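**Q** Sending over a structure as structure tokens; questions will come in a sec.
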Amino acid sequence: MDAQGTLSKIPDSIRDKDFDYIFNRIEDRKINDGQRSIYLQSFLIKAKSEKDWEELSNAYKNYVHYAPEKLKLTYADSMVAAAKQSKDNEIIGAAYLSKGVAYYRQKRLAEALDSYLIADTYITRTTDKYQFYKVKYNIGLIKFYLGFYGEAIALFEECIDFFNKDDVRGYLNSLHMLGACYNMVGNHGLCSEVNEKGISEGHRLDNTDMESYFVHSEGVNQCKIHNFALSIEKIKAALPAIHKAGDFANEAIGYFYLGKSYWGLGNKELAISYFKKMDQIYDAKDYLRPDMREGYELMISHYESIGLQDVQLYYVKKLLNADRMLHKTYTYLQGKIHKEYDTKKLKQQKNEIENSLRKRRYNDQIFISVIVGLCLFVIAIIIRYLKNKKVTRRKYEELLQKLEASKKAKSALSEENGMSMSKDAEAMVLSQLKKFEDSKKFREKDLTLTKLAGFFNTNPKYLSEIISKHRLKSFNNYLNGLKVNYIAEKIRNERMLQNFTDKALGDEAGFSSTRRFVNAFETQTGISPREFIDELKKDDAGIK
């Protein structure tokens with residue numbers, strides 16, 4: 001069929017309209033699906049007839065948004081193919097980015113990351129700041145999933161500053177993810193602040209599409225601080241809109257935290273029912289976030305406690321399968337994001353240095369001097385390494401003994417419960433101190449003696465004296481000791497954390513900076529976090 005015959009399929013009322021007009025009609029929420037289908041087809045026919053590769057790529061992008069789920073990725077392939085015909089880096093980069101978003105919405109994270117990295121290759125050759133920050137945002141989503149919360153926070157903060165200018169949805173999305181990061185690092189106060197800001201900004205900007213997500217996020221946040229009834233209220237309020245949007249991932253997350261909240265309230269039967277809803281989504285969509293695997297652990301313990309071994313075995317097998325999936329996905333994503341994204345600048349610097357070195361010429365005498373000096377240096381390093389290795393191993397074993405001793409001391413302290421104290425006020429502060437330790441609230445950043453004394457309704461001097469008397473430490477050493485013991489125990493028990501950066505580990509422990517975390521860890525244990533992790537890995541491998 002010739003171009004004229006093809007164009008005849010476009011209704012007369014829009015045949016002479018431009019692409020902007022047709023696109024605006026596609027995006028009009030007031031029209032029904034049948035009307036939208038006519039505009040989608042007209043946009044596609046017009047782009048094909050005019051051989052406008054950019055608009056043809058946009059035509060398929062429209063279908064990626066509005067087509068049935070099973071056809072979205074087919075249209076995404078056509079979108080990329082059309083973009084490549086344009087030979088334009090901006091158009092090709094934008095197409096790969098949209099393809100990555102389509103994969104991410106189906107939670108096919110490996111394929112999403114691959115598309116983002118290809119998009120980044122094209123977009124960095126352009127001056128398109130908008131697409132550049134869209135890549136940053138989507139890489140931030142992958143880093144969030146991997147648990148690199150500190151790095152994700154930095155990316156989302158950059159995106160907030162950029163999108164705040166002229167992209168309302170990008171701005172609100174970035175705020176939502178920033179709040180989720182604060183939740184994961186234990187800064188629940190900041191998480192609530194961001195969620196409240198997201199809702200108020202949505203109203204100010206006349207866009208409430210994200211409101212249910214901020215409510216959902218706050219529900220998860222309240223569960224983390226054991227406000228279970230409020231958590232249930234907020235997540236239940238948010239889930240209908242999230243389900244209607246087809247967002248199975250956040251729906252599954254909601255079910256998990258509903259289950260965890262009911263479990264916290266002692267209603268295990270209702271908790272199990274929500275864990276099973278989470279499991280149904282895992283079966284249907286193959287989606288599970290690392291924190292959600294606890295749902296399977298709780299189901300296993302429940303069925304073990306009531307003697308249903310067949311059901312217990314069923315969920316043990318499900319958890320083993322989930323762990324294999326998580327490990328495979330995590331390993332792939334981590335390898336790609338570090339090798340192909342984080343190290344891009346390092347590679348550029350390396351190439352610049354190598355090019356500079358090629359221009360320099362060394363005579364034989366200087367070359368030999370360098371080699372001899374290097375050999376002597378390496379020998380000295382080896383001798384020092386062997387000496388330090390013994391010291392590191394001794395410090396590592398001392399740290400493990402300290403962690404075990406801390407558990408026993410905590411148990412003994414729980415049995416005492418402060419009853420031997422002669423003063424009621426002292427006993428009350430000791431009781432609050434124990435609750436503070438058990439709830440892990442010491443992970444709050446920038447916590448001071450004055451602030452903690454305010455929480456306990458006592459004065460800083462008196463609180464300092466009690467800590468000195470009963471914990472045998474100054475306030476700073478006491479607080480740092482709690483944080484270091486917490487993160488050391490978590491690294492020891494959760495292997496995934498052994499792949500985190502010092503910055504991410506410091507955020508998880510509640511330190512305000514990486515330097516403070518590393519210094520505190522070395523002061524408390526005598527070895528660095530990296531050395532501790534290396535020794536743990538050696539123990540796992542049976543190496544001494």
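**Q** Residues of the stretch 140-158 being in contact (Cβ under 8 Å) with a residue 12 or more places away in the chain and small (Gly, Ala, Ser), which ones? Break it down into steps so the answer makes sense when it comes.
**A** Let us first name the residues in the stretch 140-158 that are in contact (Cβ under 8 Å) with a residue 12 or more places away in the chain, namely 140-153, 155-158.
Matches in the stretch 140-158: 140, 147, 150, 152.
**Q** Spot the failing condition for residue 149; the list is (1) touching an Asp or Glu at 6+ places or on another chain (Cβ under 6 Å); (2) modelled with pLDDT of 95 or more; (3) under 24 Å from residue 496 (Cβ atoms); (4) not hydrophobic (A, V, I, L, M, F, W, C), and only one is missed.
**A** (2)
**Q** Taking helices (runs of 4 or more DSSP H) that do not extend beyond the stretch 220-302, which have at least 2 residues that are in contact with a strand residue (DSSP E or B) (Cβ under 9 Å, 6 or more places away or on another chain), of a type in the set (S, T, N, Q) and modelled with pLDDT under 95? Outline the logic, then answer.
**A** Numbers: elements: 228-244, 248-264, 268-285.
In the stretch 220-302, no matching helices (runs of 4 or more DSSP H) lie anywhere.
**Q** Can you find a residue that is more than 25 Å from residue 260 (Cβ to Cβ) and either surrounded by 14 or more Cβ atoms within 10 Å (Cβ to Cβ) or modelled with pLDDT of 90 or more (or both) anywhere in the stretch 304-313? Break it down into steps so the answer makes sense when it comes.
**A** Taking the stretch 304-313 first, the residues more than 25 Å from residue 260 (Cβ to Cβ) are none.
Checked the stretch 304-313: no residue is more than 25 Å from residue 260 (Cβ to Cβ) and either surrounded by 14 or more Cβ atoms within 10 Å (Cβ to Cβ) or modelled with pLDDT of 90 or more (or both).
**Q** Here is a further query. Quick one: how many residues across the stretch 103-134 are crowded, with 24+ Cβ neighbours inside 10 Å and under 18 Å from residue 169 (Cα atoms)?
**A** 1
**Q** Find all pairs meeting these conditions: Cβ atoms under 9 angstrom apart; at least six residues apart or on different chains; first residue within the stretch 521-544 and modelled with pLDDT under 90; second residue surrounded by fewer than 14 Cβ atoms within 10 Å (Cβ to Cβ) and part of a loop (DSSP other than H, G, I, E, B).
**A** Cβ pairs passing all conditions: 537/543; 538/544.
**Q** Right, something else. For residue 183, only one of the following conditions fails: (1) free of Cβ contacts under 8 Å to residues at least 40 places away in the same chain; (2) crowded, with 23+ Cβ neighbours inside 10 Å. What is its number?
**A** (1)
**Q** Consider the stretch 81-112. How many of its residues are among the β-branched types (Val, Ile, Thr) and either more than 17 Å from the chain's Cα centre (by Cα) or at pLDDT 90 or above (or both)? I'd like the intermediate steps shown before the answer.
**A** Taking the stretch 81-112 as the starting set, the residues that turn out to be among the β-branched types (Val, Ile, Thr) are 91-92, 101.
Remaining after also requiring either more than 17 Å from the chain's Cα centre (by Cα) or at pLDDT 90 or above (or both): 91-92.
Of the residues in that region, 2 qualify.
**Q** Determine the pairs where a residue that is touching a residue at least 40 places away in the same chain (Cβ under 8 Å), located within the stretch 106-117, has a partner that is outside any helix (DSSP H, G or I) with Cβ atoms under 8 Å apart, the partner being 6 or more residues away or on another chain.
**A** That search, which allows pairs on different chains as well, returns 107/286; 107/287.
**Q** Please go through the stretch 73-110 and give me each residue that is of a type in the set (Asp, Glu) and more than 30 Å from residue 325 (Cα to Cα), ordered by number. Walk me through it before giving the result.
**A** Our first condition is that a residue be of a type in the set (Asp, Glu); within the stretch 73-110, this holds for 77, 88, 90.
Residues satisfying the conditions are 88, 90.
**Q** How about the stretch 158-196: which of its residues are in a helix (DSSP H, G or I) and farther than 17 Å from residue 214 by Cβ? Explain how you work it out, then say what you get.
**A** Here is the first cut: in the stretch 158-196, the residues in a helix (DSSP H, G or I) are 158-163, 168-184, 188-196.
158, 161, 162 - these are the residues of the stretch 158-196 that are in a helix (DSSP H, G or I) and farther than 17 Å from residue 214 by Cβ.
**Q** Six or more apart or on different chains, Cβ under 6 Å: which pairs go from a residue in the stretch 287-302 that's free of Cβ contacts under 8 Å to residues at least 60 places away in the same chain and farther than 15 Å from residue 320 by Cβ to one that's among the basic types (Lys, Arg) and in a helix (DSSP H, G or I)? Could you list them?
**A** Correct list of pairs: 302/268.
**Q** Checking residue 115 against (1) at pLDDT below 90; (2) in a helix (DSSP H, G or I), which single condition isn't satisfied?
**A** Only one criterion is unmet by residue 115, namely (1).
**Q** Could you say which residue among 91, 38 is touching a helix residue (DSSP H, G or I) at 6+ places or on another chain (Cβ under 6 Å) and crowded, with 16+ Cβ neighbours inside 10 Å? Spell out how you get there, then give the answer.
**A** On the way: 38 fails: touching a helix residue (DSSP H, G or I) at 6+ places or on another chain (Cβ under 6 Å).
Of the residues listed, the single one that is touching a helix residue (DSSP H, G or I) at 6+ places or on another chain (Cβ under 6 Å) and crowded, with 16+ Cβ neighbours inside 10 Å is 91.
**Q** Report whether or not residue 205 is free of Cβ contacts under 8 Å to residues at least 60 places away in the same chain, touching a helix residue (DSSP H, G or I) at 6+ places or on another chain (Cβ under 6 Å) and surrounded by fewer than 17 Cβ atoms within 10 Å (Cβ to Cβ). Lay out the reasoning, then the answer.
**A** On the way: free of Cβ contacts under 8 Å to residues at least 60 places away in the same chain: yes; touching a helix residue (DSSP H, G or I) at 6+ places or on another chain (Cβ under 6 Å): yes; surrounded by fewer than 17 Cβ atoms within 10 Å (Cβ to Cβ): yes.
Considered against the rule, which asks whether it is free of Cβ contacts under 8 Å to residues at least 60 places away in the same chain, touching a helix residue (DSSP H, G or I) at 6+ places or on another chain (Cβ under 6 Å) and surrounded by fewer than 17 Cβ atoms within 10 Å (Cβ to Cβ), residue 205 comes out as yes.
**Q** Hey, can you tell me all the residues within the stretch 439-461 that are touching a residue at least 12 places away in the same chain (Cβ under 8 Å) and in a loop (DSSP other than H, G, I, E, B)? Outline the logic, then answer.
**A** Within the stretch 439-461, the first condition is being touching a residue at least 12 places away in the same chain (Cβ under 8 Å), and the residues that meet it are 439-440, 442-447, 449, 452, 455-456, 458.
Within the stretch 439-461, 439, 440, 444, 445, 446, 447, 458 qualify.
The values are calculated or read from the model by the stated rules, or taken from the named source; none is laboratory data. Since we're looking at a predicted model, the values are computed, not measured. Please note: Cβ atoms are built from the backbone with ideal geometry, for glycine as well, and neighbour counts cover all protein chains shown.
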